[in-house]
Amino acid sequence: MPVTRAESPAPLTGSPAPDFELRDQHGQWVSLSSYRGRASVLLVFYPFAFSGVCSGELAGLRDHWADVAPEHAQLLAISCDPVYALRAFAELDKLNFPLLSDFWPHGQASTAYGAFDAERGCSARSSFVIDRDGVLRWQVHNALPDARDLAEYAQVLGAL
């Protein structure tokens, strides 16, 4: 299945990462720029809370984050689901990292990263690594049914 993304292109590797401010599953505002100077960030855009592949991927990150990422890395998972759905999803799957809602304006952050599937109205299955200086260092885009590789995250994050 081909990778479907928005008409807007993903930012170029080596360029400043687009900033955003989104609410997490607890209703708290989280901005990408708040990590600048203190942590590298793995942004994981995923299509839908409670779906099979997304649940498996996020559970894998929950279970293996310490093996995948150095101490200075932060995981942020983003979907177009509303905050309340993300709260229920996080509680059900015991997800202990920020799940950010790109619900309204619908898909704005996803679009800024070229990770919005306009046909389906959801985030695409895309990942981005941003260094401590706020520079985009790596990205990967998978088709909706294709899970991402944790070992690839470990390799990229370990090189920062």
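Table: residues versus (1) in contact with a strand residue (DSSP E or B) (Cβ under 7 Å, 6 or more places away or on another chain); (2) of a type in the set (Val, Ile, Thr); (3) crowded, with 17+ Cβ neighbours inside 10 Å.
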| residue | (1), (2), (3) |
| --- | --- |
| Glu71 | no, no, no |
| Ala77 | yes, no, yes |
| Val83 | yes, yes, yes |
| Phe97 | yes, no, yes |
| Gly114 | no, no, yes |
| Phe128 | yes, no, yes |
| Arg132 | yes, no, no |
| Leu144 | yes, no, yes |
Just checking, which of Asp24, Asp19, Asp67 is in contact with a helix residue (DSSP H, G or I) (Cβ under 9 Å, 6 or more places away or on another chain), within 22 Å of Ala151 (Cβ to Cβ) and not small (Gly, Ala, Ser)? Asp67
On the given criteria, is Leu157 more than 13 Å from the chain's Cα centre (by Cα), assigned to a loop (DSSP other than H, G, I, E, B) and either more than 17 Å from Ser15 (Cα to Cα) or not small (Gly, Ala, Ser) (or both)? no
Among (1) of a type outside the set (A, V, I, L, M, F, W, C); (2) closer than 22 Å to Pro18 by Cβ; (3) surrounded by fewer than 18 Cβ atoms within 10 Å (Cβ to Cβ); (4) at pLDDT 95 or above, which single condition is Ser101 missing? (3)
Residue count, the range 15-24, condition surrounded by 13 or more Cβ atoms within 10 Å (Cβ to Cβ) and assigned to a loop (DSSP other than H, G, I, E, B), comes to 5
Could you tell me which of the residues Leu12, Leu76, Leu95, Leu86 is at pLDDT 95 or above, part of a loop (DSSP other than H, G, I, E, B) and not polar (S, T, N, Q)? Leu95
Any chance you could count how many residues in the range 26-64 are out of contact with any strand residue (DSSP E or B) (no Cβ under 9 Å at 6 or more places or on another chain), in contact (Cβ under 8 Å) with a residue 60 or more places away in the chain, under 16 Å from Ala90 (Cβ atoms) and assigned to a helix (DSSP H, G or I)? 2
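The values are calculated or read from the model by the stated rules, or taken from the named source; none is laboratory data. Owing to the predicted nature of the structure, the values given are computational and were not obtained by experimental measurement. When we count neighbours, we look across all protein chains shown, and the Cβ atoms used for this are built from the backbone with ideal geometry, even at glycine.
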